[in-house]
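No value in this document is a laboratory result; all are computed from the given coordinates. Quick caveat, the model's predicted, so the values are computed rather than measured. Cβ placement follows ideal geometry from the backbone for every residue including glycine, while neighbour counts extend to all protein chains displayed.
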Amino acid sequence: MANQVFRLLSDGDPATGMQPSDFTPPEAFTGDDKREVNHTFFATADESILSGVWECAPCREEIESYPVHEMMTVISGSVTLTTDDGQSQSFTSGDSFFVSKGTKCIWQITETLRKFYMIAA
């Protein structure tokens, strides 16, 4: 993909919005709502760098090794990350945070989360 300047829009693409995605295993959802949608605004040819907007219903995942380096900004909702040393941090609207590749953690969305993301594999 050529170098571009683009605006990340919280509702995804103006024409198509956001599309269903399946990054979250079905058994991780903690309620009847299993909605997960995404719009990738930028991806390198090998998808080692990605940037977009993602939304997911409440869920809980024990992640043995976070698969990528990821910087996120919460648009709405809430997520709590608990690291293997027991430290817990919650992030809500307006918070930006980073998770490094290999981090062992519990990822728990407590209120439907919408976030901007920048991923480096």
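Here are some notes:
- For the range 1-85, the list of GluC sites (Glu not before Pro) that fall in a loop by DSSP and count at most 16 other C-beta atoms within 10 angstrom reads E47, E64.
- Checking every one of the chymotrypsin sites (Phe, Trp or Tyr not before Pro) in the range 1-31 against DSSP loop status and a limit of 12 other Cβ atoms within 10 Å picks out F6, F23.
- Near F42, the amide H atoms lying under 5 Å from its own belong to S51; only residues 5 or more places off or on other chains count, and H is placed 1.01 Å from N.
- 5 angstrom amide H check on T30, placed H, neighbours 5+ away: C59, R60
- Integer Hz, Karplus 6.51/-1.76/1.60 couplings in order for the range 40-56, x for Gly and Pro: 8, 7, 8, 8, 6, 3, 8, 6, 7, 10, 9, 8, x, 10, 9, 9, 8
- Across the range 31-36, coupling constants 3J(HN,Hα) worked out from phi with the 6.51/-1.76/1.60 Karplus curve, θ = phi - 60°, read x, 6, 6, 10, 6, 8 Hz, and Gly and Pro carry x.
- Extension gain from A121 to E61, taking 0.36 nm per residue of separation minus the Cα-Cα distance: 19.6 nm
- In this calculation the C-beta distance from D33 to F6 is compared with R0 = 35 Å, giving a FRET efficiency of 0.70.
- Residues R35, R114, R7 in ascending order of nearby Cβ atoms (within 10 Å, fewest first): R7, R35, R114.
- J(HN,Hα) series, the range 87-95, from Karplus relation 6.51 cos²θ - 1.76 cosθ + 1.60, nearest Hz, glycine and proline x: 6, 10, 9, 10, 10, 10, 2, x, 6
- Rel. contact order, % - alpha carbon contacts under 8 angstrom, at least six apart, the range 29-120: 37 percent
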